[in-house]
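The values are calculated or read from the model by the stated rules, or taken from the named source; none is laboratory data. Since the model is a prediction, treat every value here as computed from it, not as a measurement. Virtual Cβ from ideal backbone geometry, glycine too; neighbours counted across all protein chains shown. Ligands, DNA and RNA are excluded from the accessible area calculation, which covers all protein heavy atoms including side chains. Shrake-Rupley method; radii C 1.70, N 1.55, O 1.52, S 1.80 Å.
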Amino acid sequence: MYLSKHNIRGQKNIKRKDLENYLNLKGSSVTSLMNGLEKNGFLERVPSEKDGRRKILSLTEKSKEIVKQMDLVFEATDNQLQEGMSEEEKMTFRLLLGIAHNNINI
């Protein structure tokens, strides 16, 4: 999801170090995770155009399709959660979810 969201925003030069920082994991753990994703066809490591020693992380078509499916599930779940709520209640619900999210992402 991290790679997908950053690619949508136009940031296409995602490196392993970016994932380390985002996931708050050490390099070896992220490398192991990336190896598994690459082995199973979800991730590609492409040489950087600026520096061939650097590898840029890219989603495969297989993983892009899974992201699309996940987005549909998230949207359906969101609709189900908010079913029967007025617009004001939906706004309050989103506000409270935002506060709860911030509380667990210290």
May I ask you to list pairs of residues, at least six apart or on different chains, whose Cβ atoms are under 9 Å apart, with the first in region 59-70 being of a type in the set (Gly, Ala, Ser) and the second being surrounded by fewer than 15 Cβ atoms within 10 Å (Cβ to Cβ) and modelled with pLDDT of 90 or more? Ser63/Gly41
Is it the case that Glu89 is part of a helix (DSSP H, G or I) and open to solvent by 90 Å² or more (accessible area, probe 1.4 Å)? yes
Options Asn103, Asn40, Asn79, Asn24; residue that is polar (S, T, N, Q), at pLDDT below 90 and open to solvent by 70 Å² or more (accessible area, probe 1.4 Å): Asn24
Residue by residue through region 43-74, note down the ones that are closer than 20 Å to Asp18 by Cα, open to solvent by 60 Å² or more (accessible area, probe 1.4 Å) and charged (D, E, K, R). Glu44, Arg45, Glu49, Lys50, Arg53, Arg54, Lys55, Lys64
Considering (1) assigned to a helix (DSSP H, G or I); (2) modelled with pLDDT of 95 or more; (3) more than 20 Å from His6 (Cα to Cα), say which one Gly84 fails and leave the rest. (1)
